[in-house]
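Peer 1: Just passing along the structure, written as structure tokens.
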Amino acid sequence: MNMDIKRTAPFVVIAFCILVAMASRTITYDPLRTFSSQLEHTVGVLLNFSIVVGVIMQLWMHSRNISNRKPNAWGYSIATVITFIIFVIFALSYGGTGSVMYQALYKGTLIPAHWAAEGFLVFLFFSATYRGYRARSIESLLMVVLAVISLIACGPATRAIFGESLRLNAIYDWLNAVLSTGVNRGILMTTMVGSVAFMVRVLIGKQRIMSE
Amino acid sequence: MVKLKDVRYGYLILLALMFIMCQVTIPTPIPILRWTKALYDYVDALPAGSLILVSNQYGSPGPTFEPFAHAFLYHCFQKDLRMIIVSPALIFVPWADRLLIETGWGGGGVGAGGKVYGVDYVNLGFLPGMEAGIATLAKDVPAVYNANDYYGKPISSLPIMQDFKSATDIKIVVIIYDYNPEPYSWMRQWRPYGVPVALHHYGGPATWLPYWNTGDLIGVSSDIDGGAQYETLVGVPGLASALTTLSSAFFILQAITIVIASVVFWYGKLSKKKEVT
């Protein structure tokens, strides 16, 4: 395939999909809406295919790690591949994901592992708090003061003790209703304006790749 | 002072604190926050038989999600609401089954309280396509679920599905959020149909309260604290209520840590300045 077509074709497809989606929401014309709906269903199916591609890519990467004996990685890759094979065998065998064996595997390995990983988050939060929240300047001092107020206002016990006496509840409400909402709206609006600008650039062919 | 900078001392204090707090029971009050109460009040006011949709996006048995999920499903059970569960996060699909069994609804059969599968509740399983899937579900349910449910039963044989054709049939969407798709997807795709969206999530509520302030979220419940509040509201104290002391201690420790970090930083900076002069 010609190199130009290879590079241009995806943008034509993207532009077509965007135009159809936009038109179906702005023009009241039933065939267009039906077509847009069918397009969305197709995207849903394609997204599921992307999972399959992702799995294949992962297996390929781990197989290469194992065959190349990649230092500090190939042991983990063996564990990953073996776990994958075991899960696939039980998921595809009789009873599928609802079978007793699969459920036992899911609840006995995946969930405890997930929970153990989450348990370490406490230490990560603690470390991040210690390293990240330092009053290095006036701006960061402001952030530190707000963080301390929020933490005291959020803790159930401290909220019960100081919530009314130090008017922390009122301060926390104000922080949320005014500062936080305002800042979040600002971020959201600028992000959306940026997204629209990005889409327009894609539509007119100015934006070739995501990283440009 | 240099040694105080080593974060491992902090880890040790944290570990000791967690251990002590798990062993010692200190009765701690659980003040109810307005955004959690708003969710409770809305669900409580729904007439019996109303259809609600639960988006199961978590899969861990710990106190962050489980107490809220249990208390919420218990509340729906008590109110005789009809429930539809979907799982947009692929990895956590089997979790919904466990949740239904543990809360007495029953996992695909008749539950402890006489709830009948297919009539009072349904577990539709994986909802594919992330936000595109959520958008399609809002518009046209049979387009997404037209074959079998999670247990392999034909969708057409489930009476509850006759009343669930699009978003307008649902009285509230409750997201138990640990994993993508993000709650924004539900808000973007379901709010235009006038369906209230509520959220239980990990971490502090600051990220989501702006959406509660604007009415895009009808209620917000956060982490262990949210679970404890919902347990208190439905009158069934459980794991989260028991861990309120621990979570309070962690909030206090974090606040102290922030102050210490700043003090240590400035002490080190001023000491260096003194040495130079």
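Peer 1: Residue pairs, Cβ under 7 Å, 6 or more apart or interchain, first in the range B:62-78 and more than 21 Å from A:W115 (Cα to Cα), second open to solvent by 10 Å² or more (accessible area, probe 1.4 Å) and in a helix (DSSP H, G or I). List them.
Peer 2: B:Y74/B:V234; B:H75/B:V234
Peer 1: State all residues of the range B:255-277 that are polar (S, T, N, Q) and touching a Gly at 6+ places or on another chain (Cβ under 9 Å); if no residue qualifies, say none.
Peer 2: Within the range B:255-277, B:T257 is the sole residue that qualifies.
Peer 1: Taking interchain pairs and intrachain pairs at least six residues apart, which have beta carbon atoms under 7 angstrom, with the first residue in the range A:43-54 and free of Cβ contacts under 8 Å to residues at least 60 places away in the same chain and the second in a helix (DSSP H, G or I) and surrounded by 11 or more Cβ atoms within 10 Å (Cβ to Cβ)?
Peer 2: Pairs that qualify, where the first residue is free of Cβ contacts under 8 Å to residues at least 60 places away in the same chain and the partner is in a helix (DSSP H, G or I) and surrounded by 11 or more Cβ atoms within 10 Å (Cβ to Cβ), are A:V43/B:A132; A:G44/B:A132; A:G44/B:G133; A:G44/B:T136; A:L47/B:M130; A:L47/B:A132.
Peer 1: For the range A:97-106, name all the residues that are closer than 20 Å to A:A79 by Cα, surrounded by 13 or more Cβ atoms within 10 Å (Cβ to Cβ) and more than 7 Å from chain B (Cβ to nearest Cβ).
Peer 2: Residues satisfying the conditions are A:M101, A:Y102, A:L105.
Peer 1: Which pairs do you get when a residue that is more than 9 Å from every other protein chain (Cβ to nearest Cβ), found in the range B:123-140, comes within reach of a residue that is in a helix (DSSP H, G or I) and small (G, A, S), reach meaning Cβ atoms under 7 angstrom, with the pair 6+ apart or on two chains?
Peer 2: Close Cβ pairs (under 7 Å, with a partner that is in a helix (DSSP H, G or I) and small (G, A, S)) amount to B:N123/B:A96; B:L127/B:G133; B:E131/B:S185; B:I134/B:S185; B:A138/B:A167.
Peer 1: Hey, another quick one. B:G152 passes all but one of (1) within 14 Å of chain A (Cβ to nearest Cβ); (2) in contact with a Gly (Cβ under 8 Å, 6 or more places away or on another chain); (3) surrounded by 15 or more Cβ atoms within 10 Å (Cβ to Cβ); which number fails?
Peer 2: Condition not satisfied by B:G152: (3).
Peer 1: Continuing with this model, one more query. Restricting attention to the range B:81-122, which residues are within 14 Å of chain A (Cβ to nearest Cβ) and among the β-branched types (V, I, T)?
Peer 2: B:V86, B:I91, B:V93, B:I101
Peer 1: What residue, among those in the range B:99-125 that are outside any loop (DSSP other than H, G, I, E, B) and surrounded by fewer than 19 Cβ atoms within 10 Å (Cβ to Cβ), is nearest to the chain's Cα centre (by Cα)? Outline the logic, then answer.
Peer 2: Quick first cut of the range B:99-125, residues outside any loop (DSSP other than H, G, I, E, B) only: B:99-102, B:110, B:116-117, B:121-125.
With the extra rule that they be surrounded by fewer than 19 Cβ atoms within 10 Å (Cβ to Cβ), the set shrinks to B:101-102, B:110, B:116.
Numbers: B:I101: 18, B:E102: 16, B:V110: 25, B:V116: 25 Å.
It comes out as B:E102.
Peer 1: Under 24 Å from B:R191 (Cβ atoms), touching a residue at least 40 places away in the same chain (Cβ under 8 Å) and either within 13 Å of chain A (Cβ to nearest Cβ) or open to solvent by 30 Å² or more (accessible area, probe 1.4 Å) (or both), is that true of B:S55?
Peer 2: Working: under 24 Å from B:R191 (Cβ atoms): yes; touching a residue at least 40 places away in the same chain (Cβ under 8 Å): yes; either within 13 Å of chain A (Cβ to nearest Cβ) or open to solvent by 30 Å² or more (accessible area, probe 1.4 Å) (or both): no.
No.
Peer 1: In the range B:126-143, what residues are in a loop (DSSP other than H, G, I, E, B) and over 19 Å from B:P94 (Cα atoms)?
Peer 2: Across the range B:126-143, the qualifying residue is only B:D140.
Peer 1: Can I ask one more? Just to check your reading of the model, which residue among B:L270, B:L243, B:L239 is of a type outside the set (F, W, Y), at pLDDT below 90 and within 15 Å of the chain's Cα centre (by Cα)?
Peer 2: B:L239
Peer 1: Do we find a residue being touching a strand residue (DSSP E or B) at 6+ places or on another chain (Cβ under 8 Å) and farther than 16 Å from A:A147 by Cα anywhere in the range B:228-236?
Peer 2: Checked the range B:228-236: at least one residue is touching a strand residue (DSSP E or B) at 6+ places or on another chain (Cβ under 8 Å) and farther than 16 Å from A:A147 by Cα.
Peer 1: Separate question: For B:M161, all conditions in the list (1) out of contact with any His (no Cβ under 8 Å at 6 or more places or on another chain); (2) within 14 Å of chain A (Cβ to nearest Cβ); (3) hydrophobic (A, V, I, L, M, F, W, C) hold save one; what is the number of the exception?
Peer 2: Evaluating B:M161 over (1) out of contact with any His (no Cβ under 8 Å at 6 or more places or on another chain); (2) within 14 Å of chain A (Cβ to nearest Cβ); (3) hydrophobic (A, V, I, L, M, F, W, C) leaves (2) as the failure.
Peer 1: Scan the range A:110-124 for residues that are open to solvent by 60 Å² or more (accessible area, probe 1.4 Å) and either facing another protein chain (nearest Cβ under 8 Å) or farther than 30 Å from B:L12 by Cβ (or both) and jot them down.
Peer 2: Hit for the range A:110-124 is A:W115, nothing else.
Peer 1: Just to be sure before I move on: is B:T245 under 30 Å from B:T136 (Cβ atoms) and surrounded by fewer than 21 Cβ atoms within 10 Å (Cβ to Cβ) in the structure I sent? Don't jump to the end; show me each part of the working.
Peer 2: Details: under 30 Å from B:T136 (Cβ atoms): no; surrounded by fewer than 21 Cβ atoms within 10 Å (Cβ to Cβ): yes.
No: the conditions fail for B:T245.
Peer 1: With the structure loaded, tell me whether A:T80 is under 30 Å from B:Y151 (Cα atoms), open to solvent by 50 Å² or more (accessible area, probe 1.4 Å) and in contact with a Pro (Cβ under 8 Å, 6 or more places away or on another chain) or whether it fails that test.
Peer 2: Criteria not met by A:T80.
Peer 1: Could you check the range A:69-112 and list, in sequence order, the residues that are closer than 23 Å to B:E66 by Cβ and among the polar types (S, T, N, Q)?
Peer 2: Those that are closer than 23 Å to B:E66 by Cβ and among the polar types (S, T, N, Q): A:T97, A:Q103, A:T109.
Peer 1: For the range B:143-175, which positions are in contact with a strand residue (DSSP E or B) (Cβ under 9 Å, 6 or more places away or on another chain) and of a type in the set (V, I, T)?
Peer 2: Passing the criteria: B:V144, B:I155, B:I160, B:I170, B:I172, B:V173, B:V174, B:I175.
Peer 1: Please find, among A:H41, A:H62, the residue that is within 28 Å of the chain's Cα centre (by Cα), surrounded by 10 or more Cβ atoms within 10 Å (Cβ to Cβ) and modelled with pLDDT of 90 or more.
Peer 2: Answer to the check: A:H62.
Peer 1: In the range B:18-40, which residue that is among the aliphatic types (A, V, I, L, M) and more than 8 Å from every other protein chain (Cβ to nearest Cβ) is nearest to the chain's Cα centre (by Cα)?
Peer 2: Step by step, filter the range B:18-40, then rank; the result is B:L39.
Peer 1: Of a type in the set (V, I, T), over 21 Å from A:F198 (Cβ atoms) and outside any helix (DSSP H, G or I), is that true of A:T34?
Peer 2: Numbers: of a type in the set (V, I, T): yes; over 21 Å from A:F198 (Cβ atoms): yes; outside any helix (DSSP H, G or I): no.
Here the answer is no, as A:T34 does not meet what is asked.
Peer 1: Pick out, from the range B:144-256, the strands (runs of 3 or more DSSP E) lying fully within it that include 3 or more residues that are closer than 28 Å to B:V119 by Cα and touching a residue at least 24 places away in the same chain (Cβ under 8 Å).
Peer 2: It comes to B:172-177, B:197-201.
The values are calculated or read from the model by the stated rules, or taken from the named source; none is laboratory data. Keep in mind that what you see is a predicted model, and the values were worked out from it rather than measured. Cβ atoms come from the backbone with ideal geometry, glycine included; neighbour counts cover every protein chain shown. To get the accessible areas, we keep the full protein, side chains included, count just its heavy atoms, and leave off ligands, DNA and RNA. Shrake-Rupley method; radii C 1.70, N 1.55, O 1.52, S 1.80 Å.
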